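The values are calculated or read from the model by the stated rules, or taken from the named source; none is laboratory data. All figures in this text were calculated on a predicted structure; none of them were measured in a lab. A quick note on method: Cβ atoms are made from the backbone with ideal geometry, for glycine too, and the neighbour counts reach across all protein chains shown. Accessible surface is based on the protein model in full, side chains and every heavy atom, while ligands, DNA and RNA are left aside. Shrake-Rupley method; radii C 1.70, N 1.55, O 1.52, S 1.80 Å.
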Amino acid sequence: MSFEDGEHAAHDSQPDRRKAVKGFAEFCCSPVANKDKEFSKNCKVSNTRLQYTYPLKLLVPGFASSVPSCQWLYVITFGGGLVEGDNVSLDVKVGEQCTVVVTTQASTKVYNSEEGLVTQQGLRGLVADGGLLAVLPDPVVCFKNAIYSQKQDFELTSNGSVIVLDWFTAGRMALGEVWDMISYKSHNRIFVDGKLVFGDSICLSNGNSYLSLKESMCDAMVLGSCVFIGPYFKEIKKRIKDKVSALTKCNDMSTARKDVTAYASIIDPSLCDGVVIKLAAQSTEQVCNIYFIVSDSG
């Protein structure tokens, strides 16, 4: 897989979808000179290439991070969300020794589909040696009758690392829309030196079961997963797993919490260093609280 492949390999061919709106961001690291104008071991990450077209907008704030070796990339869509038939595709290239955080300013809203067209979003990341790409968006919120499909591919070198947070809510719960989307699909793949080491898919539909999604989900209002892969997590993956286990219990003597269901599993070490978290909760605040505590495992 390469960035010269053209359109996202993750997107299925659909005759009724709109032409893909593409964005591209590239980041490189350069040494920082000290007061004596001598180059130190510290590095500064710079955004060397940024391209996007309407309705996609990419922002790289100059002071989002207090650490020179880290840059933040905000992904924004004009109009506050994705309308029926939108097809947004983003490539992010992370150079050696760079840390890049990809996030959003608010939840990604997916509007209803009146003509049965799929709303699509794709992300492809390439991470070089010593690089870390952290994809930490706000959750996806599908409106009633929305049809959404998301595909994300990440290719790492053997010394590259990635964090991928993928989560979504039941919908506009304040308006009584609870699991009322037509369908939701999400596919994630991570490659190390061209070898697939992690793949995960979720497919929810209101038309392929005797039970509606609302009936099937019981009290769960938020579903999510977070995967940590790469040498950056070699020494802390067990701590992450243990923290998740501890956080989903009320105390040492009780059974698991009723409002949050979470499980962490260490990925086969013969494939890569990594751990994946699966989580279901009743609110986004519960999910954020767990991820914030887990992220402090280093």
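Numbers for the structure displayed
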read-out: Residue within the range 121-139 that is in contact with a Leu (Cβ under 6 Å, 6 or more places away or on another chain), acidic (Asp, Glu) and open to solvent by 20 Å² or more (accessible area, probe 1.4 Å) present; value: no
read-out: Residue satisfying all of: in the range 160-175; part of a loop (DSSP other than H, G, I, E, B) and touching a Leu at 6+ places or on another chain (Cβ under 9 Å); surrounded by the most Cβ atoms within 10 Å (Cβ to Cβ) among these; value: GLY160
read-out: Hits in the range 230-245 (condition: farther than 14 Å from PRO269 by Cβ and open to solvent by 70 Å² or more (accessible area, probe 1.4 Å)); value: TYR232, ARG239, ASP242
read-out: From PHE233, PHE228, PHE168, residue being in contact with a Pro (Cβ under 7 Å, 6 or more places away or on another chain), touching a residue at least 40 places away in the same chain (Cβ under 8 Å) and of a type in the set (Phe, Trp, Tyr); value: PHE168
read-out: From the options SER69, SER46, SER65, residue that is open to solvent by 20 Å² or more (accessible area, probe 1.4 Å) and within 20 Å of the chain's Cα centre (by Cα); value: SER65
read-out: Sole residue being at pLDDT 95 or above, under 30 Å from MET173 (Cβ atoms) and of a type in the set (D, E, K, R), chosen from ASP219, ASP259, ASP200, ASP193; value: ASP200
read-out: Selection count, the range 99-108, where residues are modelled with pLDDT under 95 and of a type outside the set (S, T, N, Q); value: 1
read-out: Residue satisfying condition, being farther than 18 Å from LEU156 by Cα, touching a Leu at 6+ places or on another chain (Cβ under 8 Å) and not polar (S, T, N, Q), within set VAL21, VAL100; value: VAL21
read-out: Checklist (1) part of a loop (DSSP other than H, G, I, E, B); (2) open to solvent by less than 40 Å² (accessible area, probe 1.4 Å); (3) over 17 Å from THR284 (Cβ atoms) applied to VAL178, failing item; value: (3)
read-out: Top-ranked residue in the range 194-244 [being part of a loop (DSSP other than H, G, I, E, B) and among the acidic types (Asp, Glu); ranked as farthest from LEU165 (Cα to Cα)]; value: ASP219
read-out: Output for the range 81-109, where each listed residue is surrounded by fewer than 17 Cβ atoms within 10 Å (Cβ to Cβ), out of contact with any Phe, Trp or Tyr (no Cβ under 7 Å at 6 or more places or on another chain) and part of a strand (DSSP E or B); value: none
read-out: Residues being over 30 Å from GLY95 (Cβ atoms), under 18 Å from the mean Cα position of the chain (by Cα) and hydroxyl-bearing (Ser, Thr, Tyr) - total across the range 161-196; value: 2
read-out: Tabulated pairs, the range 48-75, first hydroxyl-bearing (Ser, Thr, Tyr), second open to solvent by 70 Å² or more (accessible area, probe 1.4 Å) and part of a strand (DSSP E or B), C-beta under 6 angstrom, 6+ apart or interchain; value: SER65/TRP72
read-out: Residues being open to solvent by less than 10 Å² (accessible area, probe 1.4 Å) and in contact with a Lys or Arg (Cβ under 6 Å, 6 or more places away or on another chain) - total across the range 181-210; value: 0
read-out: Subset of the range 101-115 [more than 13 Å from the chain's Cα centre (by Cα) and touching a residue at least 60 places away in the same chain (Cβ under 8 Å)]; value: VAL110, SER113
read-out: Residues within the range 119-130 that are assigned to a loop (DSSP other than H, G, I, E, B), within 20 Å of the chain's Cα centre (by Cα) and of a type outside the set (Gly, Ala, Ser), tallied; value: 0
